[in-house]
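The values are calculated or read from the model by the stated rules, or taken from the named source; none is laboratory data. The structure presented is a predicted model; accordingly, all values stated were derived computationally and were not measured. Every residue, glycine among them, receives a Cβ derived from its backbone with ideal geometry; neighbour counts consider all protein chains shown. Ligands, DNA and RNA are excluded from the accessible area calculation, which covers all protein heavy atoms including side chains. Shrake-Rupley method; radii C 1.70, N 1.55, O 1.52, S 1.80 Å.
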Amino acid sequence: SGGNLGYIIYTSGSTGQPKGIGLPQAALRNLIAWHLDEIPQARKTLQFSSMSFDVSYLELFSSWLSGGSVYVLDEEKRVDASQLKEYLIEEGIEIAMLPVVVLQQVAEQMVKEGTRAGNLKEVITAGEQLQITTAVERLFEQMRWARLYNYYGPSETHVVTSYELGANPADWARHPSIGKPIANTRAYILARGMEAPPAGVTGELYIGGVCLARGYVNKPEM
């Protein structure tokens, strides 16, 4: 059932103490169903993330459930931007989910060498704050058919929000928004007293909905 465990991912977060996050199947199903509605699939998907990172589940299942193909990277290509760039081109990868720093490095390689990943149609970033560098802007100027998406979500929820950058890279903000909540997910900015603060006042992000993990494994007090 949807309440059954989908996976356990261990993270230290900001504490330095590893914690197992138990995400239920309903949360994973919801994410994949939303993703398949938002982005056309049945394409060549790069399997960049290791199985110890939650993004790998979205890469794998969104591809398989739409009839697409998964292209699995070896460790050498994963850590070498030049080899990764060549792999994207040679295999005709169409969808790639890349950490921000990797996207920046690949963009620098392509712009420097005057090449581009001609078959890339969707690039998704996650894991840290997206920063649009000059190289990233120039790369997407050359690939006007490609779209860049910024996903946000802590491991305790997987993906929570999504933002699709516009068609004109020259208009992109240096630090784009994290967008709006995905389907069946809620996000609130709340200040002390659990009240919505007025515009310009800092608050904290509260997340709710089907996306939530069941809790930390063997740590009910947390």
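Which residue is surrounded by the most Cβ atoms within 10 Å (Cβ to Cβ), if the candidates are limited to segment 154-167 and must be at pLDDT 95 or above and polar (S, T, N, Q)? Once the filter is applied, the top-ranked residue is SER162.
In the set (1) of a type in the set (Phe, Trp, Tyr); (2) farther than 22 Å from LEU88 by Cα; (3) in contact with a helix residue (DSSP H, G or I) (Cβ under 8 Å, 6 or more places away or on another chain), the condition left unmet by PHE61 is number (2). Answer yes or no as to whether LEU23 is open to solvent by less than 30 Å² (accessible area, probe 1.4 Å) and either among the aliphatic types (A, V, I, L, M) or closer than 22 Å to ALA135 by Cβ (or both). Spelling it out, LEU23 is indeed open to solvent by less than 30 Å² (accessible area, probe 1.4 Å) and either among the aliphatic types (A, V, I, L, M) or closer than 22 Å to ALA135 by Cβ (or both).
Determine if segment 128-151 includes at least one residue that is under 25 Å from GLU204 (Cα atoms), part of a strand (DSSP E or B), modelled with pLDDT under 95 and open to solvent by 20 Å² or more (accessible area, probe 1.4 Å). No - not one qualifying residue is present in segment 128-151.
Are there helices (runs of 4 or more DSSP H) fully within segment 53-100 with at least 1 residues that are more than 21 Å from ALA117 (Cα to Cα)? List them. Can you show your working first?
Working: elements: 55-64, 75-78, 81-91.
Counting at least 1 such residues, we get 55-64.
From the list ALA96, ALA107, ALA117, which one is under 17 Å from SER56 (Cβ atoms), open to solvent by less than 10 Å² (accessible area, probe 1.4 Å) and touching a helix residue (DSSP H, G or I) at 6+ places or on another chain (Cβ under 9 Å)? Unique residue meeting the criteria: ALA96. Restricting attention to segment 31-46, does a residue exist that is of a type in the set (Ser, Thr, Tyr) and modelled with pLDDT under 95? Within segment 31-46 (the criterion being of a type in the set (Ser, Thr, Tyr) and modelled with pLDDT under 95), the answer is no, since none of the residues qualifies.
Do the conditions hold for SER50, that is, is it loosely packed, with under 14 Cβ neighbours inside 10 Å and outside any strand (DSSP E or B)? Judged against the criteria, SER50 is a match. Within segment 149-184, can you find the residues that are of a type in the set (Ser, Thr, Tyr), without any contact (Cβ under 8 Å) to a residue 40 or more places away in the chain and either more than 15 Å from ILE124 (Cα to Cα) or out of contact with any Ser or Thr (no Cβ under 9 Å at 6 or more places or on another chain) (or both)? None; the set is empty. Step by step: first the residues of segment 56-93, then only those that are more than 17 Å from the chain's Cα centre (by Cα) and of a type in the set (Lys, Arg), then the one that is surrounded by the fewest Cβ atoms within 10 Å (Cβ to Cβ). Which residue is that? Residue satisfying both the conditions and the ranking: LYS77.
Among the numbered conditions (1) out of contact with any helix residue (DSSP H, G or I) (no Cβ under 7 Å at 6 or more places or on another chain); (2) touching a residue at least 12 places away in the same chain (Cβ under 8 Å), the only one that HIS35 does not meet is (1).
For segment 192-203, the criterion of being among the charged types (D, E, K, R) and either touching a Lys or Arg at 6+ places or on another chain (Cβ under 9 Å) or surrounded by 12 or more Cβ atoms within 10 Å (Cβ to Cβ) (or both) is satisfied by no residue at all. Test THR115 against the stated conditions and say whether it is among the hydroxyl-bearing types (Ser, Thr, Tyr), touching a residue at least 12 places away in the same chain (Cβ under 8 Å), out of contact with any Leu (no Cβ under 8 Å at 6 or more places or on another chain) and not in a helix (DSSP H, G or I). Yes; evaluated as a whole, the condition is true for this residue.
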